Amino acid sequence: MRIWDFHCHMTGASLPEATPEARAHHLAEVADRMGIERLCLSMGTRFLTDPTPQQIREQNDEVLRAVEARPDRIFGMVYLSPQHVELSLAELERCVANGPMVAVKLWVAGRCNAPELDPLIERATELRAVILQHTWFKAGDGNLPGESTPDDFAELARRHPEATIVCGHSGGDWELGIRAIRDLKNVHTELAGSDPTAGFTEMAVKELGAERVLYGSDAAGRSFSSQLGKVFGAAIPDREKELILGGNLRRLMKPILEAKGITA
């Protein structure tokens, strides 16, 4: 099966040399052992929950360096923030419209139901970029101040029915997250980051259809193997596993890859 991983980071892997180039080569080497063909990489060598404009640009510069080091294996995702709309729009132009990146990453700087996201989603949609929005339902102390839930995500998706937008982590608490988005036919979900619990992938396929489910690992914070286990161990047909592991992502990314002349 051709496997494309929609959710990777440079953080989490302990390396003697921590440059973006070294991390890119390391991720590709480990992916080779797991049979993973392509990695979608976002954010830099540090996790920054509410980055400044300068830090956003630096994070994207590091991803650009990783893409340049391994263009055969890595796709870049531009990191944006609703706290800095003008800078984020400029980064979309620099990294996607005029650069090699093909997707968008939104994390926890601000909840995604905020209207500040609208111009970012609109421009990303014009560029045919796939959008990954982190979501989580957290117990205990609850979500971080700017951290989105799948309910927030659903609000955003309803405002942008033409966007190619993905619910990151299926909300962590996937039984709730999948239910929150199941009626939104324009959105997809991904399997990255949470524990490889039996039933996760099966429920996503039952409620959404296999065509709306994407594999992602959240490496290097999570292992490729544990997250692949969610799909390979699922009680679903092989044809649905093929869609989840890469077929769906290749379909979603086809317009922007063709526009950029990228063969993959």
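The values are calculated or read from the model by the stated rules, or taken from the named source; none is laboratory data. Model, not experiment: these values are computed from the prediction. Positions of Cβ are backbone-derived with ideal geometry, glycine not excepted, and every protein chain shown enters the neighbour counts.
Examine segment 135-144 for a residue that is in a loop (DSSP other than H, G, I, E, B), at pLDDT below 95 and of a type in the set (Asp, Glu), and state whether such a residue exists. For segment 135-144, residues in a loop (DSSP other than H, G, I, E, B), at pLDDT below 95 and of a type in the set (Asp, Glu): present. When every residue of segment 156-172 is checked against the conditions, none turns out to be farther than 26 Å from Val96 by Cβ, assigned to a helix (DSSP H, G or I), more than 14 Å from the chain's Cα centre (by Cα) and modelled with pLDDT of 95 or more. For segment 38-57, filtering for residues that are hydrophobic (A, V, I, L, M, F, W, C) and either more than 19 Å from Pro100 (Cβ to Cβ) or in a loop (DSSP other than H, G, I, E, B) (or both) leaves 3.
Applying a threshold of 7 Å to beta carbon distances and a minimum spacing of six or more residues, or different chains, the list of pairs starting in segment 213-226 at a residue that is among the aromatic types (Phe, Trp, Tyr) and ending at one that is part of a loop (DSSP other than H, G, I, E, B) and buried (at least 20 other Cβ atoms within 10 Å of the Cβ) reads Tyr215/Leu191; Phe224/Ser217. Apart from one condition, Ala24 fits all of (1) surrounded by 23 or more Cβ atoms within 10 Å (Cβ to Cβ); (2) in contact with a Gly (Cβ under 9 Å, 6 or more places away or on another chain); the exception is (2). Return the residues of segment 96-122 that are within 16 Å of the chain's Cα centre (by Cα), in a loop (DSSP other than H, G, I, E, B) and within 20 Å of Ala259 (Cα to Cα); say none if nothing qualifies. Hits for segment 96-122 are Met101, Val102.
Can you tell me which of Val187, Val205 is farther than 25 Å from Gly44 by Cβ, within 16 Å of the chain's Cα centre (by Cα) and without any contact (Cβ under 8 Å) to a residue 40 or more places away in the chain? It is Val187.
Evaluation of Thr189 against the conditions (1) assigned to a helix (DSSP H, G or I); (2) surrounded by 21 or more Cβ atoms within 10 Å (Cβ to Cβ) shows that the sole unmet condition is (1). Annotation: of all residues in segment 215-232 being touching a helix residue (DSSP H, G or I) at 6+ places or on another chain (Cβ under 8 Å) and farther than 25 Å from Thr45 by Cβ, the one that is surrounded by the fewest Cβ atoms within 10 Å (Cβ to Cβ) is Phe232.
For Glu202, the conditions (1) within 15 Å of Ile178 (Cα to Cα); (2) in a helix (DSSP H, G or I); (3) in contact with a Lys or Arg (Cβ under 9 Å, 6 or more places away or on another chain) all hold with the exception of (3).
In segment 6-17 there is no residue that is out of contact with any Gly (no Cβ under 9 Å at 6 or more places or on another chain), aromatic (Phe, Trp, Tyr) and either part of a loop (DSSP other than H, G, I, E, B) or surrounded by 17 or more Cβ atoms within 10 Å (Cβ to Cβ) (or both).
Please pick out the residue among Leu80, Leu41, Leu106 that is crowded, with 24+ Cβ neighbours inside 10 Å, touching an Asp or Glu at 6+ places or on another chain (Cβ under 8 Å) and not hydroxyl-bearing (Ser, Thr, Tyr).
Working: Leu41 fails: touching an Asp or Glu at 6+ places or on another chain (Cβ under 8 Å); Leu106 fails: touching an Asp or Glu at 6+ places or on another chain (Cβ under 8 Å).
Checking each option against the conditions leaves just Leu80.
For segment 44-66, a residue qualifies if it is among the hydrophobic types (A, V, I, L, M, F, W, C) and crowded, with 22+ Cβ neighbours inside 10 Å, and the qualifying residues are Ile56, Val63, Ala66. Filter segment 222-264 for residues that are out of contact with any Gly (no Cβ under 7 Å at 6 or more places or on another chain), over 17 Å from Ala210 (Cβ atoms) and of a type in the set (D, E, K, R) and give the result. Within segment 222-264, Lys254, Glu258, Lys260 qualify. Looking only at residues of segment 126-153 that are in contact with a strand residue (DSSP E or B) (Cβ under 8 Å, 6 or more places away or on another chain), under 25 Å from Val96 (Cβ atoms) and free of Cβ contacts under 8 Å to residues at least 40 places away in the same chain, we find that the one that is surrounded by the fewest Cβ atoms within 10 Å (Cβ to Cβ) is Glu147.
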